[in-house]
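All of the numbers you see were taken from the coordinates with simple rules; none came from a lab. Note that the structure is a prediction, hence the values are computed from the model and not measured. Cβ atoms come from the backbone with ideal geometry, glycine included; neighbour counts cover every protein chain shown.
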Amino acid sequence: MASKRKAQWPSATQKASSHPQLTSRDLVKKTLEFARPERIPRQLWFLPWAEKNYSSQLRAIQKKFPDDIVTAPRMIGNRDLTDSPQRYQKGVYIDEWGCRFENVQSGTIGIVNKPLLENWQDLEKLKTPDEYLKLNREEINRFCHAEKRFVLAGTWIRPFERLQFIRTTMNLLLDLAEQPPELFELIRRMHQFYIKEAEAWARTDVDALTLMDDWGTQKGMIVSPELWRKLFKPLYKDYLEIARHYKKYVFFHSDGCIVDIIPELIEVGVHALNSQLFCMGVKSLGEKFRGKITFWGEIDRQHILAFGCRDDVCRAVKEVHTHLYSDGGVIAQCEFGPGAKPENIEAVFQTWSEIEKGTKE
C-alpha cells in the first residue's frame, strides 16, 4: 500500500496530547491524517424530503448518532444565508446569481431549464453576487469557537455546476465542444468570484473549505479527463492553494463515476472526497487510493438505501470498512434523501458502531 498522506500542519494527535477527552473536531482531524481515531466520525446528510416524510425517525437517528461534522452559518451581516428554504419548495427558485431553478416537487432541488446567459452578447450584463463576499467573520468565528465539532465552510464552490446553472447543461456542453472566446471570459469572471469567496472563508476560523461539482455519469466522466485537466483542474488548484495558505482542510463532493480524476484531486490537495463509491467499485477504489485520501462516505443511495434490507446495508458498510479504512481515512456518512428507508439509514450508523466495538474487543 502507498504511504499514507499527512496534513502539512500540526496534527490532531499533537494538538490533543494534553486533552485526554478528544472532541469531534479532533476526531475528524485524526481521521484525515490517518492517525488512528478512537472511532469513525459520523455525518448524516438529509434533504427536506426526509424532514417532511420521516420527521420523528430522522430526529431519533440524529439523537442516537449525532454528527461530528457541522456547517458554519453563511452570515452576511445579520442574515444567515446558508440555504434558502424556498430552494426546496415546488415552483421556481431564483438563486443569488439570478439562475432560475424549476422544481416539480417539494423537498428536493430543482433544475435550470432556462439559461441566465442566453446569448453571449449579454455577457457584460452578468453580475456576480459580491454581497456574499461580505462575511460577518465575527459571527462565523463565534460559531466555530462554540463548536466542538469539525466545522465546514457555509458555502460550496462549484465552477462546473455554476456554469451549467448560467448556461444550462446542454448549452454548456456545446460551449465546451466549441470553446468560443466568450466561454473563457465567463470562466474567468466566475473564477475570480470564487477565488474571493474561498479567500473570505479561509480567513474565518472554519476547519475546512468545501467544493462540489458532479463530474460523473453512472459509468464515466461527463466530459473527457483531458478537457477536465485543461479547463477545470487549474481552477481547483487555485482554490486549494488558498486553503493551503490558510491551513484549511478541503472537502470535495462529486457524484458519478469519477475514478479518472481522483488521482489529480489528491494531487491538488483534496483531503476528503464524498463520492458514489458503489458505482465505481469499493474494492477497486481501495486498491488504488486507500490511505491517500479520506472517503467521506457514502453508502449506495441509488439501490441499497432505497430498496435494500438491513443485511444489504450491513454488508455495504463492512465492505467500505474492509477496503477503505486505513487507521482513518473513512467518515461514516450517508444521505437521507428521496426514497431512502429510515430503517436503512439507522442501520448504516448502527453497523459502523458495531464495527467499532468489534475492533476494540
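Some observations on this one:
- Crossing angle, helix 310-324 versus the chain [Cα axis fit, 0-90 degrees, rounded to tens]: 80
- Stretchable slack from Gln21 to Lys230, in nm (0.36 nm times residue separation minus alpha-carbon distance): 70.6 nm
- Net charge dipole size for the stretch 12-157 [Lys, Arg +1 and Asp, Glu -1 on Cβ; Debye, nearest 20]: 700
- Residues whose placed amide H lies under 5 Å from that of Ile222, excluding near-sequence neighbours: Gly216, Thr217
- Unit charges at the beta carbon, dipole of the stretch 142-270: most positive-side option, Met170, Ala200, Pro234: Ala200
- Val104, Val268 arranged by Cβ crowding within 10 Å, fewest neighbours leading: Val104, Val268
- Extension gain from Asp83 to Ile111, taking 0.36 nm per residue of separation minus the Cα-Cα distance: 8.5 nm
- Helix 137-146 and the longest principal axis of the Cα set of the chain meet at an angle near 10°.
- Proximal lysines relative to Lys247, as straight alpha-carbon distance under 24 Å, when same-chain residues fewer than 8 apart are discounted: Lys4, Lys6, Lys15, Lys29, Lys30, Lys134, Lys148, Lys196, Lys233, Lys237, Lys292
- Centroid-to-centroid separation of the stretch 317-342 and the stretch 193-227 [C-alpha atoms, Å]: 22
- Cα lying deepest toward the dipole's positive end in the stretch 91-131, options Ile94, Gln105, Leu117, charges on Cβ: Gln105
- Dipole in debye (nearest 20) - the chain, about Cα centre, beta carbon charges: Lys, Arg +1; Asp, Glu -1: 920
- Anisotropy class of the stretch 141-266 from Cα gyration tensor, a/c 1.5 cut: prolate
- P(r) weight above 37 Å for the chain, C-alpha pairs, percent: 17
- Relative contact order (%) - the stretch 232-361, alpha-carbon pairs under 8 angstrom, separation at least six: 21
- Dipole of the chain, positive direction: furthest Cα of Leu209, Gln21, Leu133, with charges on the beta-carbon: Gln21
- Cβ-derived FRET efficiency at R0 25 Å, Lys125 paired with Met170, nearest 0.05: 0.70
- The order of Leu305, Leu183, Leu227, Leu32, going from fewest to most other C-beta atoms within 10 Å of their C-beta, is Leu227, Leu183, Leu305, Leu32.
- 0 to 90° range, to nearest 10: angle between helix 181-202 axis and the chain longest Cα axis: 40
- For the stretch 207-213, 3J(HN,Hα) per residue [Karplus equation, 6.51 cos²θ - 1.76 cosθ + 1.60, θ = phi - 60°, Hz, x = Gly/Pro]: 7, 8, 8, 10, 10, 7, 6
- Ranking of Ile187, Ile262, Ile157 by count of other Cβ atoms within 10 Å, fewest first: Ile187, Ile262, Ile157
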